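Only one structure is covered here, and it is reproduced in the block below.
The values are calculated or read from the model by the stated rules, or taken from the named source; none is laboratory data. Given the structure is predicted, the values throughout are model-derived calculations rather than measurements. Heads up, the Cβs are rebuilt from the backbone with ideal geometry, glycines too, and the neighbour counts pull from every protein chain shown. In case anyone asks, the SASA skips ligands and DNA or RNA and just uses the protein heavy atoms, side chains included. Shrake-Rupley method; radii C 1.70, N 1.55, O 1.52, S 1.80 Å.
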Amino acid sequence: MRTVQRAVGKLCLGLDTSNYTTSAAVFDGRWGENRGRLLAVPEGAIGLRQSEALFQHTRRLHLMVEQLRAEGALGQIQAVGASTRPREREDSYMPCFLVGEGQGRSLAAALGVPFVPCSHQQGHIAAAAWSADREDLLDRPHLAWHLSGGTTELLYIKPAGHAVQGEIVGGTSDISAGQLIDRTGVMLGLPFPAGKALDQLSDEADADWDYPVKLNGLTFSLSGIENQVKEMMERGERPANMARFVLNTVAGVVLRATGEAQRRWPGLEVLCSGGVASNRRLRAALEKSCNALFALPQYATDNAVGVAILAHRAVNWEVCE
């Protein structure tokens with residue numbers, strides 16, 4: 001675990017306004033600090049409309065920066081970064097990221113420092129590599145899982161200047177692992193997002209089974225598992241057993257896909273990021289069988305640390321805007 005310290009000298013500020021969390025972070029080349037807040041989702045709902053997410057980010061983002069300032073975590077800012085899209089692709093777009101980009105560009109202009117855009121996914125990978133004490137992975141090819149509320153993608157990662165470029169080589173063909181977990185949790189009356197609560201509930205299970213999801217190359221489907229959960233509920237199955245079933249099933253198919261990927265690309269390390277990657281069963285299975293690397297739990301979920309890291313790297317690479 002890293003020792004928390006206060007900023008000394010120049011820092012880079014990172015902003016991330018995802019579909020789940022508003023966050024701001026600073027990074028000085030070695031140390032990072034993140035402040036974030038989950039978006040408020042009505043009880044029983046499984047997400048927010050983009051208009052509502054955008055509204056909440058607009059009202060809250062400045063509070064995250066002010067919190068860093070109040071805690072003495074802000075120093076001299078040398079660059080401002082923001083996630084501006086979900087992935088590093090031309091057609092990748094989501095309105096909620098406009099808040100972080102707009103405020104980030106304004107802050108950079110007011111401070112007279114560079115603005116560094118990146119994708120939300122690139123930020124996840126950077127935060128995971130740094131928090132696992134393996135920032136060197138950003139400069140070499142590796143495999144990476146992005147396992148979150150809306151994404152279950154296996155990526156082939158290669159360096160791209162100060163950042164990374166990810167090619168999707170596997171993952172789900174329909175709903176993500178996070179969607180399956182959240183929908184199951186909401187059906188069971190758990191708060192959204194439901195990952196942590198479902199993980200805790202699974203400890204009370206008195207049955208331990210899963211479903212062997214079919215693997216098509218490195219791709220798989222999880223929508224049928226949601227239907228099985230609904231059938232279990234109708235039969236009166238214990239909630240804890242349903243939680244264990246879902247988590248075991250997700251861990252099992254991700255583990256098999258990872259093993260197949262390592263056979264295709266022998267020698268490449270596997271890095272895991274995203275909120276689902278903090279699940280204990282998944283982590284234990286991948287660490288034991290695949291020597292996978294994981295972000296620390298506080299940097300696995302949506303956060304701005306990776307954005308600040310990439311901004312810092314961009315300043316040193318001298319390729320920022």
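The residue of the stretch 78-100 that is farthest from the chain's Cα centre (by Cα), among those that are open to solvent by 30 Å² or more (accessible area, probe 1.4 Å) and in contact (Cβ under 8 Å) with a residue 40 or more places away in the chain, is GLN78.
I need the full set of residues from the stretch 103-133 which are outside any helix (DSSP H, G or I), of a type outside the set (A, V, I, L, M, F, W, C) and touching a strand residue (DSSP E or B) at 6+ places or on another chain (Cβ under 6 Å), in order please. Once the filter is applied, which keeps residues that are outside any helix (DSSP H, G or I), of a type outside the set (A, V, I, L, M, F, W, C) and touching a strand residue (DSSP E or B) at 6+ places or on another chain (Cβ under 6 Å), the stretch 103-133 yields PRO114, PRO117, SER119. Considering VAL253, VAL270, the condition of being closer than 24 Å to PRO86 by Cβ, under 18 Å from the mean Cα position of the chain (by Cα) and among the β-branched types (Val, Ile, Thr) is satisfied by VAL270 alone.
Filtered by the rule that a residue be without any contact (Cβ under 8 Å) to a residue 12 or more places away in the chain and in a helix (DSSP H, G or I), the stretch 197-223 gives a lone residue, GLN200.
Using the structure shown, decide if LEU271 is in contact (Cβ under 8 Å) with a residue 40 or more places away in the chain, in contact with a His (Cβ under 8 Å, 6 or more places away or on another chain), open to solvent by less than 10 Å² (accessible area, probe 1.4 Å) and not charged (D, E, K, R). When the stated conditions are applied, LEU271 passes them.
Of the residues making up the stretch 169-194, those that are β-branched (Val, Ile, Thr) and surrounded by fewer than 22 Cβ atoms within 10 Å (Cβ to Cβ) are VAL169, ILE175, VAL186.
Going by the conditions given, is LEU296 open to solvent by 10 Å² or more (accessible area, probe 1.4 Å), in contact with a helix residue (DSSP H, G or I) (Cβ under 7 Å, 6 or more places away or on another chain), more than 24 Å from ALA79 (Cα to Cα) and modelled with pLDDT under 95? Criteria met by LEU296.
For every residue, the table says whether it meets (1) open to solvent by less than 10 Å² (accessible area, probe 1.4 Å); (2) under 19 Å from VAL186 (Cβ atoms); (3) modelled with pLDDT of 95 or more.
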| residue | (1), (2), (3) |
| --- | --- |
| VAL8 | no, no, no |
| CYS12 | yes, no, yes |
| LEU15 | yes, no, yes |
| ASN19 | no, yes, no |
| SER23 | yes, no, yes |
| VAL26 | yes, no, yes |
| GLY47 | no, yes, no |
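Annotation: LYS230 fulfils all but one of (1) open to solvent by 70 Å² or more (accessible area, probe 1.4 Å); (2) under 20 Å from the mean Cα position of the chain (by Cα); (3) more than 25 Å from ALA126 (Cβ to Cβ); the unmet one is (2).
Against the numbered list (1) aromatic (Phe, Trp, Tyr); (2) open to solvent by 30 Å² or more (accessible area, probe 1.4 Å); (3) modelled with pLDDT of 95 or more, TRP130 comes up short only at (2).
Evaluation of PHE245 against the conditions (1) in a loop (DSSP other than H, G, I, E, B); (2) within 28 Å of ASN19 (Cβ to Cβ) shows that the sole unmet condition is (1). Considering the conditions (1) in contact with a Cys (Cβ under 7 Å, 6 or more places away or on another chain); (2) surrounded by fewer than 24 Cβ atoms within 10 Å (Cβ to Cβ); (3) small (Gly, Ala, Ser), ALA311 is excluded by exactly one of them, (2).
Among the conditions (1) without any contact (Cβ under 8 Å) to a residue 40 or more places away in the chain; (2) polar (S, T, N, Q); (3) open to solvent by 20 Å² or more (accessible area, probe 1.4 Å); (4) in contact with an Asp or Glu (Cβ under 8 Å, 6 or more places away or on another chain), GLN165 misses just one, which is (1). Taking the stretch 136-146 as the range and being in a helix (DSSP H, G or I) and surrounded by fewer than 15 Cβ atoms within 10 Å (Cβ to Cβ) as the test, the residues that pass are ASP136, ASP139.
Consider the stretch 236-268 and keep the residues that are in contact (Cβ under 8 Å) with a residue 24 or more places away in the chain and of a type in the set (Gly, Ala, Ser). The one that is surrounded by the most Cβ atoms within 10 Å (Cβ to Cβ) is ALA243. Among the conditions (1) at positive phi; (2) not in a strand (DSSP E or B); (3) not polar (S, T, N, Q), GLY171 misses just one, which is (2).
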